[in-house]
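Engineer: Mind looking over this structure? Questions follow.
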């Protein structure tokens with residue numbers, strides 16, 4: 001990395017904007033905590049973002065939310081629309097079968113972003129997670145699956161991102177990769193678990209199990225997750241009940257992607 005990089009002011013500004021986008025409407029104290037920066041710094045950054053029109057303060061409360069102007073930041077980025085189109089009917093069917101919410105997530109930097117979910121289809125959820133919600137890659141089941149199945153170059157890029165931000169979640173990621181045992185186990189088993197998620201909207205109340213999703217060209221494109229109440233069952237029970245349906249849905253999504261692209265299907269049995 002070049003000397004003087006990263007520029008801390010820019011990194012902090014992006015962290016504040018991401019916090020408001022992810023958790024808003026959010027208070028100034030909440031922004032400082034979520035972005036892991038001092039309160040006075042958060043105030044200055046928020047004032048700057050207000051000036052630029054990227055965020056706004058709610059009229060009746062001292063809380064901040066993003067404006068539609070943030071959409072201009074994604075101009076030129078092509079989302080995984082094909083993945084969402086190919087998977088929607090399958091995750092709806094799986095949610096109806098098992099009752100628990102299902103999510104599709106892909107990597108964005110050092111986080112996993114929800115691309116689609118069925119939280120609004122079931123009462124077995126504490127919060128609705130809409131497309132755009134993100135979680136630290138090493139602190140969620142979809143992220144652990146991604147770390148296990150992505151190639152070495154992508155894994156190295158994630159490590160570089162962790163080194164740049166130096167957060168608690170980044171440090172946990174570095175610790176996770178310090179020993180290849182867990183990633184080898186995930187690759188061997190074909191799934192990852194996250195017991196009592198800490199970084200979601202309801203810390204400690206839910207757990208999740210995830211399997212990898214592969215595209216028509218045999219490349220890792222995302223992960224499929226089932227989220228359940230941590231008090232409802234043990235992780236072993238979750239695996240016994242839901243791993244097979246998750247893997248079947250992953251295969252069905254792959255087949256739909258192949259059909260959309262017109263490619264020949266490949267076998268993902270080895271990944272399971």
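The values are calculated or read from the model by the stated rules, or taken from the named source; none is laboratory data. Bear in mind the structure is a predicted one, so any value in this text is a computation, not a measurement. When we count neighbours, we look across all protein chains shown, and the Cβ atoms used for this are built from the backbone with ideal geometry, even at glycine.
Engineer: Considering only segment 101-130, state which residues are within 11 Å of the chain's Cα centre (by Cα) and in contact (Cβ under 8 Å) with a residue 40 or more places away in the chain.
Structural biologist: Once the filter is applied, which keeps residues that are within 11 Å of the chain's Cα centre (by Cα) and in contact (Cβ under 8 Å) with a residue 40 or more places away in the chain, segment 101-130 yields 103, 104, 105, 106, 107, 109, 110, 112, 115, 129.
Engineer: Please determine, by comparing only the residues of segment 225-240 that are free of Cβ contacts under 8 Å to residues at least 40 places away in the same chain and in a helix (DSSP H, G or I), which one is farthest from residue 201 (Cα to Cα).
Structural biologist: 240
Engineer: How many residues are closer than 21 Å to residue 135 by Cβ and buried (at least 16 other Cβ atoms within 10 Å of the Cβ) if we restrict to segment 28-57?
Structural biologist: 6
Engineer: So is residue 211 closer than 15 Å to residue 141 by Cβ, in contact with a strand residue (DSSP E or B) (Cβ under 9 Å, 6 or more places away or on another chain), modelled with pLDDT of 95 or more and surrounded by fewer than 18 Cβ atoms within 10 Å (Cβ to Cβ) or not?
Structural biologist: For residue 211, the condition - closer than 15 Å to residue 141 by Cβ, in contact with a strand residue (DSSP E or B) (Cβ under 9 Å, 6 or more places away or on another chain), modelled with pLDDT of 95 or more and surrounded by fewer than 18 Cβ atoms within 10 Å (Cβ to Cβ) - is not met.
Engineer: Is there a residue being modelled with pLDDT of 90 or more and either loosely packed, with under 14 Cβ neighbours inside 10 Å or outside the structural domain of residue 222 (by TED's automatic domain parsing) (or both) anywhere in segment 102-116?
Structural biologist: The answer is no; no qualifying residue exists.
Engineer: What is the one condition in (1) over 24 Å from residue 131 (Cα atoms); (2) at pLDDT 90 or above that residue 163 does not satisfy?
Structural biologist: Result: residue 163 fails condition (2) only.
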